[in-house]
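Taking it in order: structure first as structure tokens, then the write-up.
The values are calculated or read from the model by the stated rules, or taken from the named source; none is laboratory data. Just so it is clear, the model here is predicted, and its values are computed rather than measured. Cβ coordinates were reconstructed from backbone atoms using ideal geometry, including for glycine residues, and neighbour counts include every protein chain displayed. Areas reflect the complete protein model, heavy atoms only, side chains present, ligands, DNA and RNA absent. Shrake-Rupley method; radii C 1.70, N 1.55, O 1.52, S 1.80 Å.
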Amino acid sequence: MRFVPALYAALALVSAAAFADPSDVPVVATPAHDPSIIKSGPWYYLFITSPGILVERSRDLVNWTVVGQVFRPAPDWTYKEVPRFDGTMWAPDISFVNGRFLLYYAVSSFGSNQSCIGLATNTTLDPKDPAYQWKDEGKVIGSLPGKDNWNAIDPNLAWDDQGRYYLSFGSFWDGIKMAAIDPSTGKLLRDPPTLISLARRPGVRNDPIEASFIFRRVGDAGGNGSGDEHSGGPGGMYFLFVSYDYCCRGINSDYKIAVGRSSSITGPYVDKDGKPMTDGGGSVILQGYGDVHGPGHNAVLHDGQTDWLVHHMYDGTRGGTALLQVRPITWKDGWPEPGPPLQEPLSH
């Protein structure tokens with residue numbers, strides 16, 4: 001979603017380390033906004049909102065080092081599509097599909113729905129692999145003021161057990177939308193697409209909902225497009241995670257994570273009380289407490305026997321800087337419950 005200016009100083013500490021050998025880079029507290037995560041081999045890779053999209057990796061989900069940057073500079077087409085674009089790419093979303101890593105990202109400017117979603121691909125995430133190279137695949141979908149009542153940002157790729165792929169996206173305006181994707185190209189299956197509405201907040205001023213993420217859970221297994229272990233087989237439930245209210249205000253952010261579920265990837269999604277998310281439903285599972293302000297824009301990673309909730313929050317002990325948090329998920333009565341984060345804010 002939107003980039004926070006306060007992050008620039010924090011990111012500067014790690015930007016200089018880009019492309020360095022991870023063993024040579026000192027571990028610092030992990031600034032992050034709109035994190036997306038995937039596991040490849042022994043490494044967890046993190047992609048965050050930033051100029052060019054910084055890439056970090058870790059073996060333990062706690063100690064992260066920068067290992068690259070997807071774009072230097074941003075592709076020319078991004079500035080033509082969005083004249084107010086400043087080079088900061090929002091809300092990356094990483095998946096592994098048919099032997100390629102698909103990285104979706106948003107190009108926009110604050111408060112506007114003149115936006116588009118782009119795609120970059122790579123066959124490896126290891127910067128030391130000779131095959132490592134990000135390929136710009138161009139625009140996937142865009143929205144325009146006065147034409148569209150939705151906003152083409154905050155992408156998330158997911159698929160069902162029948163091999164049907166979908167991209168969910170949206171922020172404010174008319175909420176969360178979904179379009180079918182051709183997995184062979186990563187682009188729209190049909191253009192113009194048939195849009196499916198997944199979630200809205202009618203009656204709430206400005207419809208503050210965004211950052212959709214779809215996760216499929218089957219029994220004790222889970223899966224979505226965010227890891228090597230996409231869950232297959234019949235049955236199971238799809239969980240639509242969204243962020244409510246407002247990010248990007250430091251300690252005044254009131255972002256929170258809500259969820260609904262459905263037996264179909266295309267919905268309808270309902271909350272714990274059975275209220276459809278298209279009618280404003282959504283069960284809040286994480287909101288601010290103590291020095292953790294505005295937790296939101298989450299991803300979920302299925303990793304062996306553990307499901308992880310990965311999100312940013314604004315740290316009250318560091319002036320509201322956006323930092324990464326990773327929490328184990330437990331499942332109670334078929335619903336996710338986030339546990340304590342692996343790292344809490346520093347005590348005063």
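State whether one or more residues within segment 198-209 are on the phi > 0 side of the Ramachandran plot, out of contact with any Cys (no Cβ under 8 Å at 6 or more places or on another chain) and not small (Gly, Ala, Ser). Yes. Within segment 156-173, the residues that satisfy the criterion of being buried (at least 17 other Cβ atoms within 10 Å of the Cβ) and either modelled with pLDDT under 95 or small (Gly, Ala, Ser) (or both) are Ala158, Ser168, Gly170, Ser171.
Among the residues of segment 278-305, those that are among the polar types (S, T, N, Q) and either crowded, with 23+ Cβ neighbours inside 10 Å or in contact with a strand residue (DSSP E or B) (Cβ under 6 Å, 6 or more places away or on another chain) (or both) comprise Thr278, Ser283, Gln287, Asn298. Of the residues making up segment 306-348, those that are buried (at least 19 other Cβ atoms within 10 Å of the Cβ) and of a type in the set (Ser, Thr, Tyr) are Tyr314, Thr321.
Condition check: surrounded by 18 or more Cβ atoms within 10 Å (Cβ to Cβ), more than 17 Å from the chain's Cα centre (by Cα) and of a type outside the set (Lys, Arg). Does Asp182 satisfy that? So Asp182 does not fit the description; no.
Of all the listed residues (Gly222, Gly203), the sole one being modelled with pLDDT under 95, outside any strand (DSSP E or B) and farther than 24 Å from Ile141 by Cα is Gly203. Return a yes/no flag: does segment 187-197 have any residue that is within 16 Å of Tyr255 (Cβ to Cβ), modelled with pLDDT of 95 or more and hydroxyl-bearing (Ser, Thr, Tyr). Taking every residue of segment 187-197 in turn, none turns out to be within 16 Å of Tyr255 (Cβ to Cβ), modelled with pLDDT of 95 or more and hydroxyl-bearing (Ser, Thr, Tyr). Annotation note: Cβ proximity below 7 Å between a residue of segment 117-136 that is closer than 27 Å to Pro193 by Cβ and a residue that is open to solvent by 60 Å² or more (accessible area, probe 1.4 Å) and of a type in the set (S, T, N, Q) (sequence gap 6+ or interchain) occurs for Asn122/Gln133.
Of the residues screened, Ser95 is one that is more than 19 Å from Phe172 (Cα to Cα), buried (at least 21 other Cβ atoms within 10 Å of the Cβ), polar (S, T, N, Q) and at pLDDT 95 or above.
In segment 123-132 there is at least one residue that is among the polar types (S, T, N, Q) and surrounded by fewer than 18 Cβ atoms within 10 Å (Cβ to Cβ).
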